[in-house]
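Here is the structure we will look at, set down as structure tokens.
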Amino acid sequence: MKLQYSHLDLIAFLVFVACWFGYDWFAKRHANDRPSLLTVMNPFRERWFQQTLTRENRIVDSALVSNLLHSATFFSSTTILVLGGLLALFGSVEKSVEVFENLPFAQRTSQQLLEAKIVLLILLFIYALVKFTWSVRQFNFVTILVGSISPNTALDEHDQSIASRAAGIMKLAGENFGQGLRAYYFALAALLWFVQPLFFIVGTAVVTIMLYRMEFHSRTLDVLNGEED
């Protein structure tokens, strides 16, 4: 069955794809020239696990990792619920067409195009689920590494190596968690496509600019850099 769409729908989708892949490409390369939230936090992660070596009792470290693990687990569970709702919506598209057309400023759309919009959301949240669950596993790996470090009275070079590896896995976990959150932000923009493609384009642009400002020009970044007023 041929998908019925307008030229503006196609343009909106292409803008979304360009921003989704383009921002990821840009952010990784721009971080080499300008500090980002991710790169600024990495030295703190390294310092954290160097301090872990000096502690006699590492309950504090375990509690901190557990707190991060809880956040990733929460988003993983939430994403599963969202996916369940989207799959249910996909199964009742015929009844949903009239509902979406009654939204303010909404334009008429075909059932096939509405299905495509729902599929886009499903793919975004599947991506988020993969990223969140992978970060959960990585936080678990960090917990194991911390538990394998010798008491501070019997440290050796191997323990130094374990601490460095724990910091490295923590960096990866933080990166995956951030990418999962990014999928949520872009999903908010994709929701506007259910109203009309022009809103979708504007929403995608706003989300991309917002992500850039949070990552590279936020007050939080200034404070972490020690540049607060």
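Each reported figure results from applying straightforward, stated rules to the coordinates on display, with no laboratory input. Model, not experiment: these values are computed from the prediction. Here the Cβ is made from the backbone with ideal geometry for all residues, glycine too, and neighbour counts use every protein chain on show.
The table below lists the values:
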| read-out | value |
| --- | --- |
| Lysine pairs meeting the criterion (Cα under 19 Å, 8 or more apart or interchain), as found in the chain | 5 |
| For the range 162-229: rounded, prolate or oblate by the Cα gyration tensor [a/c cutoff 1.5] | oblate |
| Sorted by Cβ density within 10 Å, fewest first, the residues His217, His7 | His7, His217 |
| Alpha-carbon centroids, the range 159-197 and the range 28-73: separation in whole Å | 15 |
| Global form of the range 1-71, assessed from the alpha-carbon gyration tensor, a/c cut-off 1.5 | oblate |
| Dipole in debye (nearest 20) - the chain, about Cα centre, beta carbon charges: Lys, Arg +1; Asp, Glu -1 | 360 |
| Of the GluC sites (Glu not before Pro) in the range 139-229, those whose Cβ has at most 10 other Cβ within 10 Å and which sit in DSSP loop | Glu227, Glu228 |
| Lys/Arg +1, Asp/Glu -1 at C-beta; the range 7-224 dipole; positive extreme among Phe216, Tyr23, Leu89 | Phe216 |
| On Cα atoms only, tilt of 197-216 relative to the major axis of the chain in degrees | 10 |
